[in-house]
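The structure under discussion appears below in the form of structure tokens.
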Amino acid sequence: MSKQLKKIAIIDYGAGNLGSVVNALKKFGYAPKITDTASEVLKADAVFFPGDGAAGATMASLEASGMADAIKTLVEKRRPLFAICVGLQALLSSTEEGGEYNCLGIVPGKVRKLPAGLKIPHMGWNQVKQQFRHAFFTDIPDNTNFYFVHSYYADPFDRSVVAGSTDYGLPFCSVLIRDNLFATQFHPEKSGEPGLQMYSNFLKIACL
């Protein structure tokens, strides 16, 4: 890397799976800080936004802690941000999950339920088709398998931000990239070497 990131923050809003992200980042020599404090997140050089659970509950927690505004500020300032699973879904305008809830509105679009007739949740390994070349995909072959656990999917209105797609009843957005905002529907930290490579690629981009 051309420089070492001084501070990496992992957003804690009461969801699980944070330890797996920490362990993945430690492999690259970093000691990321898990925090539920918006001011700490805004001081970070790069931020991870892991998601777990329902989008409605996620938004309630983010709003109560002030983290919703912090995430919006990070994106406005083009600070490197990596959102994962429900973290990706929370970026959109609204979600169908649990009725109809407003989300962060950072990326115009809607979170929709996977089609009826499929085994829900979509759980296990599935391929990611790369829609365009990007440093985020360095050393990751097209159609690589990643690990998914979800019942809803992000449907951005602007298809130019869809960097990767996956088929499960329909093709859906599994990787979103816009400026320094990166998001995946799958869990890189549960996806073996390809997932670690994706984290490494993000950290290199954040160092530029």
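In the set 185, 197, only one residue is touching a residue at least 12 places away in the same chain (Cβ under 8 Å) and in contact with an Asp or Glu (Cβ under 8 Å, 6 or more places away or on another chain); that residue is 197. Annotation note: of 147, 153, the sole residue that is of a type in the set (Phe, Trp, Tyr), assigned to a strand (DSSP E or B) and buried (at least 18 other Cβ atoms within 10 Å of the Cβ) is 153. Checking each residue in the range 156-184 for being among the small types (Gly, Ala, Ser) and either in contact with a Gly (Cβ under 9 Å, 6 or more places away or on another chain) or surrounded by fewer than 20 Cβ atoms within 10 Å (Cβ to Cβ) (or both) picks out 160, 165, 169, 174, 183. Under the condition of being modelled with pLDDT of 95 or more and in a helix (DSSP H, G or I), which residue from the range 44-71 is surrounded by the most Cβ atoms within 10 Å (Cβ to Cβ)? The residue in question is 71. Exactly one residue out of 160, 151 is under 18 Å from residue 51 (Cβ atoms), among the polar types (S, T, N, Q) and more than 13 Å from the chain's Cα centre (by Cα), and it is 151.
The values are calculated or read from the model by the stated rules, or taken from the named source; none is laboratory data. Quick caveat, the model's predicted, so the values are computed rather than measured. Positions of Cβ are backbone-derived with ideal geometry, glycine not excepted, and every protein chain shown enters the neighbour counts.
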